[in-house]
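S.K.: Below you will find the structure I want to go over with you.
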Amino acid sequence: AAVASVRDVSKTYGARKALDGVSVEVGAGEMVALIGPSGSGKSTLLRSITGLHPIDSGGTITVFGEVVQQNGRVTGAVRRARGRLGMIFQQFNLVGRLSLFSNVMLGALGRLPSWRGLFGVWPGADKDKAMAALHRVGVSEYAAQRANTLSGGQQQRGAIARALVQGAKAILADEPVASLDPVSARKVMELLVELNKRDGLGVIVTLHQVDYAIRYCDRVVALQKGKVVYDGPSTGLDTKR
Ligand code: ADP
Ligand code: ADP
């Protein structure tokens, strides 16, 4: 089933239409960039897919074949959908005073046992899973370090590891590289490409830099004032003005 199928979705905040009749389908295994100027509705679209924003009535959103929003209501299927969608944010959303490893365990277990912190006495299977995920994203050597002592790029890769141990089948990333220096940004984008191409995870990523969308994503959906103004291959975009 498709990662997300968005049909005729509008979202109004007071008098402001953040999304205006948006229809987009993202297939399993696709890597799609969502681009557009600030305020064009990118975040609103991502949050609508995860059910964080109830949409206006009239539109429908399905995630992996299950309806998560319809008739202006978020359905019960949204819990399952959230389990399948790994959310990545611009500010990483790790618990700064916890180790990177604990952050990933927090993702795997939902909460930390009271005897946490004694590194090495975690349930073996979960620990192996968390370490494998940290290894997968290339930050296993920082496992024992507090998240807030790591660079932005390391933290963002840790956040991706947390999504992986949560069993994400797709990654929804909202400006994941906007706070990173160019080198870290490139590494995070390359990691997303690898998870997409090698592991088959669907990726929807909002980017305000068109050149990243062209370089790393197969398909681009461009929003302007809440409407889709381009949806097609990234190679079809011309950055020269
Ligand atoms: P983008 O991610 O492309 O910058 P957003 O989805 O954040 O765009 O915002 C789209 C529009 O909706 C903007 O005009 C923004 O000000 C407005 N908006 C977003 N969130 C809210 C909110 N919680 N309350 C009111 N208006 C909002
Ligand atoms: P971004 O550029 O990442 O979309 P914003 O600065 O637009 O971030 O929004 C940050 C937060 O403020 C979001 O939670 C968004 O929903 C909310 N927000 C954005 N615009 C408005 C608004 N006009 N009124 C209320 N909340 C808003």
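All of the numbers you see were taken from the coordinates with simple rules; none came from a lab. Keep in mind that this is a model prediction, so the values were computed, not measured. Glycine also receives a Cβ, built like all others from the backbone with ideal geometry; neighbour counts cover every protein chain displayed.
Yes/no matrix, rows are residues, columns are (1) over 17 Å from A163 (Cβ atoms); (2) loosely packed, with under 14 Cβ neighbours inside 10 Å; (3) among the hydroxyl-bearing types (S, T, Y):
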position: E175; (1), (2), (3): no, no, no
position: V183; (1), (2), (3): yes, yes, no
position: K187; (1), (2), (3): no, no, no
position: V193; (1), (2), (3): no, no, no
position: L207; (1), (2), (3): yes, no, no
position: R219; (1), (2), (3): yes, no, no
position: L223; (1), (2), (3): yes, no, no
position: K227; (1), (2), (3): yes, no, no
position: D231; (1), (2), (3): yes, no, no
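S.K.: Grab the strands (runs of 3 or more DSSP E) fully contained in segment 150-241, keeping just those with 2 or more residues being farther than 17 Å from F89 by Cα and within 16 Å of ligand 2 (Cβ to nearest atom).
M.R.: Output list reads 219-224.
S.K.: Only residues that are part of a loop (DSSP other than H, G, I, E, B) and either among the aliphatic types (A, V, I, L, M) or more than 12 Å from S102 (Cβ to Cβ) (or both): list them for segment 130-149, please.
M.R.: V137, G138, V139, A143, A144
S.K.: While we're on this one: Would it be correct to say that L19 is touching a residue at least 12 places away in the same chain (Cβ under 8 Å), within 12 Å of ligand 1 (Cβ to nearest atom), of a type outside the set (V, I, T) and touching a Gly at 6+ places or on another chain (Cβ under 9 Å)?
M.R.: Judged against the criteria, L19 is a match.
S.K.: Hey, another quick one. Tell me which of these V26 doesn't satisfy, since it passes every other one: (1) under 22 Å from N196 (Cα atoms); (2) within 16 Å of ligand 2 (Cβ to nearest atom).
M.R.: Unmet condition: (2).
S.K.: Moving on to the next point. State yes or no: is A1 touching a Phe, Trp or Tyr at 6+ places or on another chain (Cβ under 8 Å) and either without any contact (Cβ under 8 Å) to a residue 60 or more places away in the chain or surrounded by fewer than 18 Cβ atoms within 10 Å (Cβ to Cβ) (or both)?
M.R.: yes
S.K.: Also, I was wondering about something else. Please specify each residue of segment 189-241 satisfying the condition of being more than 23 Å from K169 (Cα to Cα) and in contact with a Gly (Cβ under 7 Å, 6 or more places away or on another chain).
M.R.: The answer is A222, L223, Q224, G226, K227.
S.K.: Could you list all residues from segment 30-46 that are assigned to a loop (DSSP other than H, G, I, E, B) and in contact with a Leu (Cβ under 8 Å, 6 or more places away or on another chain)?
M.R.: G36, S40, G41
S.K.: Next question, about the same structure. Buried (at least 18 other Cβ atoms within 10 Å of the Cβ), more than 10 Å from ligand 2 (Cβ to nearest atom) and either part of a loop (DSSP other than H, G, I, E, B) or basic (K, R) (or both): is that true of G51 in this structure?
M.R.: When the stated conditions are applied, G51 passes them.
S.K.: Taking only pairs six or more apart or across chains, which ones have beta-carbon atoms under 6 Å, a first residue in segment 177-195 that is within 13 Å of Q209 (Cβ to Cβ), and a second residue that is assigned to a helix (DSSP H, G or I) and among the polar types (S, T, N, Q)?
M.R.: Sorted first by the residue in segment 177-195, then by its partner, the pairs are V188/Q156.
S.K.: May I ask you to say which residue of G59, G72 is on the phi < 0 side of the Ramachandran plot, over 17 Å from the mean Cα position of the chain (by Cα) and away from ligand 2 (no atom under 14 Å from the Cβ)?
M.R.: Checking each option against the conditions leaves just G59.
S.K.: I've got another one for you. Which members of segment 1-14 meet the condition of being near ligand 1 (Cβ under 10 Å from one of its atoms) and not in a strand (DSSP E or B)?
M.R.: The one that is near ligand 1 (Cβ under 10 Å from one of its atoms) and not in a strand (DSSP E or B): G14.
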